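**Student:** Sending over a structure as structure tokens; questions will come in a sec.
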Amino acid sequence: MILLAAGLFIAAGAQDASGAFNMGQLTGTLSQDHVTQSKRERGQTEDEDAATRSTRTAKNCAKVPMLRERYGADDPRIGTLTRLCRKAGHPVN
């Protein structure tokens, strides 16, 4: 009986000693891996999205003269659109 109790005490002590796994560190590592992977994926899609947005913006800015005719030059939406297109570097006639 004493040997069994001593064996349980030693086994319990071995679990408390810094040994095979520290679950807190393991969880933190897995979380960090996920964050790193997400940032990597997001970086790839952001480059593709930026190219798509730039193309779409250029097409929309090319429509400003047509929209100005349709809604009038004094329409505040046209003024805002013209300002944003010029700020983005697209020529607006």
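The values are calculated or read from the model by the stated rules, or taken from the named source; none is laboratory data. Owing to the predicted nature of the structure, the values given are computational and were not obtained by experimental measurement. Quick reminder, even Gly has a Cβ in these numbers, built from the backbone with ideal geometry, and neighbours come from all protein chains shown. These area figures cover heavy atoms from the full protein model, side chains too; ligands, DNA and RNA do not enter into them. Shrake-Rupley method; radii C 1.70, N 1.55, O 1.52, S 1.80 Å.
**Student:** From the list 25, 32, pick out the single residue that is open to solvent by 60 Å² or more (accessible area, probe 1.4 Å), outside any loop (DSSP other than H, G, I, E, B) and at pLDDT 65 or above.
**Tutor:** Result of the check over 25, 32: 32.
**Student:** Taking residue 39, is it modelled with pLDDT under 80, part of a helix (DSSP H, G or I) and open to solvent by 100 Å² or more (accessible area, probe 1.4 Å)?
**Tutor:** In short, yes.
**Student:** Now for a separate question. Cβ-Cβ below 7 Å, separation at least six or inter-chain, first residue in the range 52-64 and at pLDDT 90 or above, second open to solvent by less than 80 Å² (accessible area, probe 1.4 Å) and assigned to a helix (DSSP H, G or I): which pairs?
**Tutor:** 61/85; 64/81; 64/82; 64/85
**Student:** Would you mind telling me which numbered condition in (1) modelled with pLDDT under 90; (2) open to solvent by 70 Å² or more (accessible area, probe 1.4 Å) residue 71 fails?
**Tutor:** Every condition holds for residue 71 apart from (1).
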